[in-house]
Amino acid sequence: MASSANEEAKPKPRLIVRLGVFLASHHILFSALCCTAGIIALLFLPSLAKNTYLSENALIPGSANTLFSTEDVQEANRFAKGIEAAIGESRGGTTEIPKFIAQQTKNLGAEVYYHEFLPDSKCFHPLKFFTSVTNNMAAKPNGTYTNFGINTVGIIRAPRGDGKEAIVLVTPYNSQKVTPNELLSLALGFSVFSLLSRAAWLSKDIVWLSADSQFGEYSAVSAWLNQYHNPMFLSHPVNLDTKIYGANQILYKPDGTAEKAELMAFKRAGTMAAALIFKVGETRKYGDRDSVTMYAEASNGQMPNLDLLNVVHYLAVHRQGFRVNVETFNSLLSSSWLRVIAEVFQNLGSVLRKINPDWKLDVTVPDYVEGTANLASSMYNQALGVPTGSHGAFRDYQVDAVSLEFAPAFHLKNENAKSSFLLRGGRLTEGVVRSVNNLLEKFHQSFFLYFLTAPSKFISVGVYMIPFALLLAPLPIVAAALAGGSKTKGKLEDECKTKGNADDLQMEGGSWRWLKSARVLLIIQFWAVLVSLLPYYISQIPGAMPIQYAVIWAVLSITILIILYAMFGSPSRAGVEWELLKATMITSITIGMGLMSIINFATAQLGALILIPMCLFSRPLRAQLEMNFLPRTVLLASNILLTVLGFPPAAFLIMKGLSKGSWTVDIVGDFWLWMEFLWEWSSATYLYVSLVHLPCWLLCIHVLLHPCYQPESKMKQE
C-alpha cells in the first residue's frame with residue numbers, strides 16, 4: 001500500500017519530456033520520416049515560390065517619362081566611332097582608350113581621374129579567411145611594374161544633393177582587345193552618363209567606372225573599391241609612380257604637371273546607395289527579342305536587396321520589352337525524371353486545390369521544371385560562395401549591386417537594330433537610376449535572404465528553412481537515444497563491477513564513457529585542420545599537374561591520420577562503443593550545420609541533404625549480420641551508397657554533373673581545381689568541406705567498420 005501511495009504522489013513528467021522519451025524510443029522511424037519529409041519539402045519549393053513585389057514605395061519605377069532619346073543614341077554612336085579611331089591610332093597600345101574616355105567625360109563638365117592598379121594575385125593563405133579586406137597596392141613589394149590596368153572614373157555632382165550619397169555605374173571592357181560588344185557597352189555607358197550630366201532632378205552623385213578588365217572584371221572593380229573605402233597615405237607620393245612604370249609618359253604630356261596632378265588625384269563621391277554593372281554579351285543565335293540576364297550572387301551566399309532586382313525586372317519587361325533571364329541548370333531542363341516528379345506534384349496540387357481553392361500549388365510541368373532548374377542554379381551559386389560577377393565586390397562593402405548582361409538578338413552591323421537596342425538599354429539604365437535616386441535611405445524593406453526560381457519569382461527565408469529544419473530535427477533525438485542506451489548499458493555494467501573489485505570500478509566507470517568518443521572526435525578534428533592547411537604548402541611545388549597536387553594531398557592526409565592514430569590511439573583500439581561514437585558524430589554535425597547556416601545557408605542546406613542521411617542511418621556492418629535478410633540488405637546497400645555519395649570528390653562530381661551536364665573521368669584533378677577555386681576566393685564552403693564534412697564522413701566510416709566488441713564486464717557476467 002505504501003509503495004502504491006508513493007507512486008501516486010510522485011509527479012508525472014512534463015508533456016515535452018514524455019514526447020522526447022517517446023521519440024527517442026522510436027528514433028529510427030522518426031529519422032526516416034523527417035529525412036523523407038525534408039527531401040519532399042525541398043522538391044516542393046518551386047511550387048511554393050511567390051511573385052516578386054516592390055516593398056519600398058519610394059522606388060516608383062516607371063512613374064516618370066524617360067529623357068533618353070534618339071539624340072543620345074547618336075551621341076553613343078559618335079562615341080563608339082571615336083574609340084575605334086583611338087584604337088586605330090594607338091597601334092597596339094592600351095592607353096588611348098582611357099585617354100579618349102577621360103577627354104570625352106571631361107567635355108561633359110564632369111570630374112574625371114585615372115585609377116591605376118596591379119593584377120590581384122590570388123593565392124591560398126590560411127589566415128586569409130579571417131582577415132579583412134586589405135589594400136592590394138600597399139601589399140605589393142617594391143619594384144617596377146609594366147603590366148597594369150587603368151580604370152577611368154567620371155563623377156557628376158548632383159545639383160539637388162549634398163554629396164553624401166552616390167550611384168555607381170560600371171562598364172567593363174578589355175583594354176588589350178576591345179570587342180564590338182564591349183565597344184557597344186562603353187557607348188551605352190557614356191550616353192547614359194552624358195544624359196545624367198544634364199539632369200536637374202539628381203539628388204545623388206553619379207559615378208561612372210570604365211573598368212579595365214584585362215585581369216578580370218572583378219579585379220578591376222575590387223581594386224577601385226578597395227582604394228575608395230581604404231585610402232592609401234604614402235609618405236613619398238613618387239613611390240606609386242615608380243611601381244607602375246611608363247604610365248606617366250603615356251597618359252600625360254611631358255609638361256603636363258598640372259594635368260597629371262588633376263587626373264591622378266583619387267576623387268570620391270558620397271556613400272554608395274547602389275551599383276549597376278552592365279555589359280553587352282554575345283549575340284544570341286536564336287530568339288525573337290533582346291534579353292537581359294541578371295547576376296546577383298555575391299561572396300558566401302550574399303544577395304542584394306530583392307527590391308533592386310524587382311526594379312530592373314519591372315522596367316526591362318514592362319517598359320522596354322526585354323526578356324529577363326537568370327542563370328539555370330540546362331541539364332535539368334531536359335531531365336525525364338524531373339518531369340515525372342513535376343507531373344506528380346501537379347496532380348497532387350490539383351487535388352489539394354479541390355480541397356481548398358486558396359492552395360494554389362498546381363504548377364504546370366514546364367513551369368516546375370524551369371523553376372527547379374533555376375532554383376538549383378541559385379542554390380548552387382550561393383553555396384559555392386564565389387561571386388558570379390563584379391557586383392560581388394560591391395556586396396563585400398554592403399552595397400547592393402546587380403550585373404546585367406544584355407544579349408542582343410541582332411547582328412551588330414545592323415545599324416537600325418543597334419540604335420533601337422541602345423535606346424531601350426539607355427532608358428532601362430536611366431529608369432533604374434531614377435528609382436534609386438528617389439530613395440531617402442538604404443535598401444532595407446525587402447528580402448536579403450532568398451532563392452530565385454524565375455526572374456519574377458522567389459522563395460523567402462521563411463519557406464526554404466523548412467526542409468533544412470526537417471533534416472536537422474532528428475539529430476538531437478537520435479543523439480539522445482544513443483547516449484541514453486549506452487548509459488543504461490553502463491549502469492548494468494557498473495552493477496556487475498560493484499560485485500567485483502574497486503579498481504575496475506574506478507577505471508571503467510560507465511558515466512565517463514563519452515570521454516573516449518570525445519577524444520576520438522578531437523583527434524579527427526585536429527587532423528581535419530591539418531588537412532585544410534596542407535594546400536598552402538603543396539601549392540608551393542612548382543610545375544606539378546592538378547592530379548599530382550591532389551594525390552600528394554591525399555597521401556599526406558592519410559599519413560598524418562596514421563601518425564595521429566599511432567600517437568593517441570585509433571577508435572578501434574580506444575574501446576569506444578559505436579553508439580557513443582555515432583552520438584558524438586551527430587553532435588558534431590549539429591554544431592557544424594548550425595554555424596554554417598549562419599555563414600552561408602545554401603551550403604548548409606546542400607550539405608545537410610548529403611551528410612545527414614549518411615550519418616543517421618550508419619550502423620556497424622558487423623552488427624547488421626544479426627538482422628533478417630531483407631532489412632540487412634536494404635541497410636547495407638543504403639549505407640554503402642550514402643557513404644560513397646558523401647565522399648567529398650564524389651559529391652563534387654554530382655554537383656558538377658548537375659550544374660554543367662558533364663561527367664568527366666578526371667575526378668581527382670578536377671576536385672583539386674575546385675578546392676583551389678574555393679580557397680582563392682576565400683569561400684567559407686572550403687572551410688565547411690574541410691572542417692565539417694570531411695571529419696563527419698571519416699567518423700561515419702569508423703562507425704561502419706566498428707568491430708562491435710563485447711565489454712569485459714559483460715563477458716565476465718556471462
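The values are calculated or read from the model by the stated rules, or taken from the named source; none is laboratory data. These figures come from a predicted structure and were not determined experimentally. A quick note on method: Cβ atoms are made from the backbone with ideal geometry, for glycine too, and the neighbour counts reach across all protein chains shown. Each accessible area value is taken on the protein alone, full model and side chains, heavy atoms only, with ligands, DNA and RNA left out. Shrake-Rupley method; radii C 1.70, N 1.55, O 1.52, S 1.80 Å.
Could you say which residue among 380, 397 is within 28 Å of residue 676 (Cβ to Cβ), in contact with a helix residue (DSSP H, G or I) (Cβ under 6 Å, 6 or more places away or on another chain), part of a loop (DSSP other than H, G, I, E, B) and touching a residue at least 24 places away in the same chain (Cβ under 8 Å)?
397
Across the stretch 322-345, what is the total count of residues that are surrounded by fewer than 16 Cβ atoms within 10 Å (Cβ to Cβ), farther than 18 Å from residue 45 by Cα and modelled with pLDDT of 90 or more?
Qualifying residue count for the region: 1.
Could you give every pair whose Cβ atoms fall below 9 Å, whose first residue belongs to the stretch 209-223 and is on the phi > 0 side of the Ramachandran plot, and whose second residue is surrounded by fewer than 24 Cβ atoms within 10 Å (Cβ to Cβ) and of a type in the set (Asp, Glu), counting only separations of at least 6 or pairs across chains?
Note: pairs meeting the criteria are 216/120.
Determine if the stretch 232-250 includes at least one residue that is at pLDDT 65 or above and either among the hydroxyl-bearing types (Ser, Thr, Tyr) or within 16 Å of residue 155 (Cβ to Cβ) (or both).
For the stretch 232-250, residues at pLDDT 65 or above and either among the hydroxyl-bearing types (Ser, Thr, Tyr) or within 16 Å of residue 155 (Cβ to Cβ) (or both): absent.
Mind counting the residues in the stretch 426-444 that are open to solvent by 40 Å² or more (accessible area, probe 1.4 Å) and closer than 28 Å to residue 406 by Cβ?
Final tally of qualifying residues: 4.
Of the numbered conditions (1) modelled with pLDDT under 95; (2) touching a Lys or Arg at 6+ places or on another chain (Cβ under 9 Å); (3) assigned to a helix (DSSP H, G or I), residue 428 satisfies every one except a single condition; which is it?
Residue 428 satisfies all of (1) modelled with pLDDT under 95; (2) touching a Lys or Arg at 6+ places or on another chain (Cβ under 9 Å); (3) assigned to a helix (DSSP H, G or I) except (1).
Go through the residues of the stretch 332-339 one by one and say whether even a single one is outside the structural domain of residue 684 (by the TED database) and under 21 Å from residue 460 (Cα atoms).
no
If you take the residues in the stretch 451-464 that are touching a residue at least 24 places away in the same chain (Cβ under 8 Å) and assigned to a helix (DSSP H, G or I), which one is surrounded by the most Cβ atoms within 10 Å (Cβ to Cβ)?
The extreme case among them is 464.
Quick check, is residue 621 within 20 Å of residue 700 (Cα to Cα), open to solvent by less than 80 Å² (accessible area, probe 1.4 Å) and outside any helix (DSSP H, G or I)?
Taking the combined requirement at face value, the residue satisfies it.
Would you mind finding the one in 612, 599, 591 that is buried (at least 23 other Cβ atoms within 10 Å of the Cβ) and at pLDDT 90 or above?
Criteria check complete, one pass: 612.
Does residue 606 satisfy being modelled with pLDDT of 85 or more, part of a helix (DSSP H, G or I), over 18 Å from the mean Cα position of the chain (by Cα) and closer than 23 Å to residue 30 by Cα?
no
Helices (runs of 4 or more DSSP H) wholly in the stretch 1-109 with at least 2 residues that are open to solvent by less than 90 Å² (accessible area, probe 1.4 Å), modelled with pLDDT of 90 or more and more than 23 Å from residue 171 (Cα to Cα) - which ones?
By residue number, 27-43.
Select from the stretch 344-356 the residues that are within 17 Å of residue 49 (Cα to Cα) and not hydroxyl-bearing (Ser, Thr, Tyr) and list them in ascending order.
Of everything in the stretch 344-356, those that are within 17 Å of residue 49 (Cα to Cα) and not hydroxyl-bearing (Ser, Thr, Tyr) turn out to be 345, 346, 348, 349, 352, 353.
Which one of these does residue 223 not meet: (1) of a type in the set (A, V, I, L, M, F, W, C); (2) open to solvent by 10 Å² or more (accessible area, probe 1.4 Å); (3) farther than 18 Å from residue 394 by Cβ?
That leaves (3) as the condition not met.
Among (1) open to solvent by 10 Å² or more (accessible area, probe 1.4 Å); (2) in contact with a Ser or Thr (Cβ under 8 Å, 6 or more places away or on another chain), which single condition is residue 371 missing?
With (1) open to solvent by 10 Å² or more (accessible area, probe 1.4 Å); (2) in contact with a Ser or Thr (Cβ under 8 Å, 6 or more places away or on another chain) applied to residue 371, the lone miss is (1).
Considering only the stretch 196-205, how many residues are surrounded by fewer than 24 Cβ atoms within 10 Å (Cβ to Cβ) and in contact (Cβ under 8 Å) with a residue 40 or more places away in the chain?
Summing the residues that are surrounded by fewer than 24 Cβ atoms within 10 Å (Cβ to Cβ) and in contact (Cβ under 8 Å) with a residue 40 or more places away in the chain in the stretch 196-205 gives 6.
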